[in-house]
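> Once you've had a glance at the structure underneath, I'll fire off some questions.
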Ligand code: 13P
């Protein structure tokens, strides 16, 4: 079975102490994961070492960065390089979240550079794609996400592409409480899989995990994750509440 993943994206929330307590509360729940299931915590940079040591003993749990620089190193004040993440043992990084694209002008080609650097340092990119409400209303969402994949990922050879995790996050569903219906999620995930299949073949298409993100909650996760092509979720708000995120983890296939 494909990997099924519950990924928490804390974004710019929680103090260090609150974050530490949240992780402890989650681990106290004694969650047992099947071998194909994984839980990833994307935490703010200053908490990565703490999160990494908290998850260390927990098999199938990992800490992730929420972003990285597209530059290798040098005079880029305030940036965090992939090499730095690698040097503290981080194995996952969210790339191309819509908030980065929107507020920090990250383009598909900048994201391609980030993906390349991550793979060079054996860090798995959790690559985000997804359309705005205006694009959805114009019916052009399929072409839009296809272009995001093509311009940021499809230069990769098969060996590298195999390492990617994709997260489909329709912007209109992020933080709005307005979740995509299971029909909309399944349709887009199947589309993404066919786009990958057309470029890399069907084996790759059926191998790559595609997570859904956008108002995933404790009470809708099971239904969303039950879709054939939805392999778990990338969760914002509900990942900040231990009991909610535990429920979401337990909703994995
Ligand atoms: P919400 O779950 O708060 O809608 O956020 C989704 C998201 O952006 C995860 O990356």
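The values are calculated or read from the model by the stated rules, or taken from the named source; none is laboratory data. Computed from a predicted model, the values in this text were never measured in an experiment. Positions of Cβ are backbone-derived with ideal geometry, glycine not excepted, and every protein chain shown enters the neighbour counts.
> Given 204, 188, which one is buried (at least 20 other Cβ atoms within 10 Å of the Cβ) and either more than 22 Å from residue 8 (Cα to Cα) or touching a helix residue (DSSP H, G or I) at 6+ places or on another chain (Cβ under 8 Å) (or both)? Before you say what the answer is, go through the steps one by one.
Values: 204 fails: buried (at least 20 other Cβ atoms within 10 Å of the Cβ).
Criteria check complete, one pass: 188.
> Could I ask something else about it? Please state which one of 163, 140 is in contact with a helix residue (DSSP H, G or I) (Cβ under 7 Å, 6 or more places away or on another chain) and away from the ligand (no atom under 16 Å from the Cβ). Don't jump to the end; show me each part of the working.
Working: 140 fails: in contact with a helix residue (DSSP H, G or I) (Cβ under 7 Å, 6 or more places away or on another chain).
So the residue among 163, 140 that is in contact with a helix residue (DSSP H, G or I) (Cβ under 7 Å, 6 or more places away or on another chain) and away from the ligand (no atom under 16 Å from the Cβ) is 163.
> Related question: Provide a single number: the residues in the stretch 147-160 that are more than 16 Å from the ligand (Cβ to nearest atom) and buried (at least 18 other Cβ atoms within 10 Å of the Cβ). Step through it out loud before you land on a result.
Initial filter on the stretch 147-160 (more than 16 Å from the ligand (Cβ to nearest atom)): 147, 149-160.
Those left that are additionally buried (at least 18 other Cβ atoms within 10 Å of the Cβ): 149, 152-153, 156.
The number of residues fulfilling the criteria is 4.
> Looking at 239, 194, which is the one that is assigned to a helix (DSSP H, G or I), more than 15 Å from residue 165 (Cβ to Cβ) and away from the ligand (no atom under 11 Å from the Cβ)? Before the answer, list the steps.
Working: 239 fails: away from the ligand (no atom under 11 Å from the Cβ).
It is 194.
> Just the residues that are surrounded by fewer than 22 Cβ atoms within 10 Å (Cβ to Cβ) and more than 11 Å from the ligand (Cβ to nearest atom), please, taken from the stretch 216-226.
So in the stretch 216-226, the residues surrounded by fewer than 22 Cβ atoms within 10 Å (Cβ to Cβ) come out as 217-220, 222-223, 226.
Answer for the stretch 216-226, where residues must be surrounded by fewer than 22 Cβ atoms within 10 Å (Cβ to Cβ) and more than 11 Å from the ligand (Cβ to nearest atom): 218, 219, 222, 223, 226.
> What is the residue count in the stretch 10-30 for residues that are modelled with pLDDT under 95 and farther than 15 Å from residue 239 by Cα?
The total comes to 2.
> Right, next: Mind listing whichever residues of the stretch 54-83 are out of contact with any strand residue (DSSP E or B) (no Cβ under 9 Å at 6 or more places or on another chain), closer than 22 Å to residue 7 by Cα and at pLDDT 95 or above?
Correct list: 69, 81.
> Consider residue 253 carefully, then state whether it is surrounded by fewer than 19 Cβ atoms within 10 Å (Cβ to Cβ), more than 15 Å from the chain's Cα centre (by Cα) and within 10 Å of the ligand (Cβ to nearest atom). First the steps, then the outcome.
Working: surrounded by fewer than 19 Cβ atoms within 10 Å (Cβ to Cβ): yes; more than 15 Å from the chain's Cα centre (by Cα): yes; within 10 Å of the ligand (Cβ to nearest atom): no.
Against the criterion (surrounded by fewer than 19 Cβ atoms within 10 Å (Cβ to Cβ), more than 15 Å from the chain's Cα centre (by Cα) and within 10 Å of the ligand (Cβ to nearest atom)), residue 253 does not qualify.
> Checking residue 96 against (1) away from the ligand (no atom under 16 Å from the Cβ); (2) under 20 Å from residue 164 (Cα atoms); (3) touching a strand residue (DSSP E or B) at 6+ places or on another chain (Cβ under 7 Å), which single condition isn't satisfied?
(1)
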